[in-house]
Amino acid sequence: MKRSALAIHGGAGTIIKSLMTSELENEYLNGLRKALEVGWSILEKGGNALDTVEATVVELENFPLFNAGKGSVFTHSGKNEMDASIMDGGKLQAGAVAFVKNIKNPIKLARLVMERTDHILLGGEGANEFAKEMKAEHEPDDYFYTEHRYQQLQEAIEYDRVQLDHGSKPMGTVGAVACDSEGNIAAATSTGGMTNKKFGRIGDTPMIGSGTYADNATCAVSCTGHGEYFMIGATAYDVAARMKYQGIGIEQAAMDSIKYLTKIGGEGGLIAVDARGNITMPFNSEGMYRGSTEGGEFVVEIYR
């Protein structure tokens, strides 16, 4: 039986309840809930999965506490460089962008790459040039400035380290997966990368098969965590491959993929949905900002 379903994440890592104020915790939970409301409003009106994940991730990109869009972390040079990807499981089409600057919603640009070019991934100056051609919404540097991100950069520079997001070992990314009433599924992922990153580093987020994947025959997946390990494990596709070749369900496949990620030294989590609306959200870190809805009931969580 096919049923509409939506799941989201806002990053995973060392998220300890005792170190979180109730005010900040509520801000995060409200941000997750608002994103679910935006996505579900599309699904409940018979909208498609692709529009749903795009709109949901736009909402997460606009929320300053998550490491994507407005809340993106700073590079070593004090800039914001963002990555995003989106995939349509019905058409097996995908689009992605890497280290784009001043783009308000990188996930919208990723969809334009999918629909308006013959390519899948555009990066750097070429991607920014494409954004101007497509009249993608731009914002000045000040729009992306948040004080807590700037302080993260100063701390990282002081200790000469590159770091992810939340807490001491955080994994900052946002993402959404959805199944619509027709049984079509889609996935979208967006990130601001790593604080104090250098040399144009790119993680798993814009890599189809690593951070994002969708195929109606198996599942839609969006990952969050230490990107290098998700690339080595081809984690997003790994979930789909386990379903396809082992004939197992989505929950077991996703859990096995996280177990393999742990084996190779990676940390983080993923959200996944199949064409029947089954959702799973495994992770091996202390916490993962996450939420889901099936039948209009919203559940948002942070800790294990």
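Since every read-out is calculated from the coordinates, none of them should be taken as a lab result. It should be emphasised that the depicted structure is a prediction, and the values quoted were computed from it without experimental measurement. A quick note on method: Cβ atoms are made from the backbone with ideal geometry, for glycine too, and the neighbour counts reach across all protein chains shown.
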remark   = Stokes-Einstein, Kirkwood over Cα pairs, region 5-303, 25 °C, 0.890 mPa s; D in µm²/s equals 134 µm²/s
Inter-label distance, nm, simple model (7 Å from Cα along the C-beta direction), residue 27/residue 145 = 1.8 nm
key: Full-extension gain in nm, residue 297 to residue 133, via 0.36 nm per residue minus C-alpha separation   = 55.0 nm
ask   = How big is the equivalent ellipsoid of region 1-103 along its three axes, where each semi-axis is √(5λ) from the Cα gyration tensor, reported in whole Å from largest to smallest?
value = 26, 21, 11
remark   = For residue 262 and residue 79, extending 7 Å from Cα along the Cα-Cβ vector and measuring point to point gives, in nm, a value of 3.9 nm
request  = Please give the FRET efficiency for residue 228 paired with residue 45, using the beta carbon to beta carbon distance and R0 = 51 Å, rounded to the nearest 0.05.
outcome  = 0.80
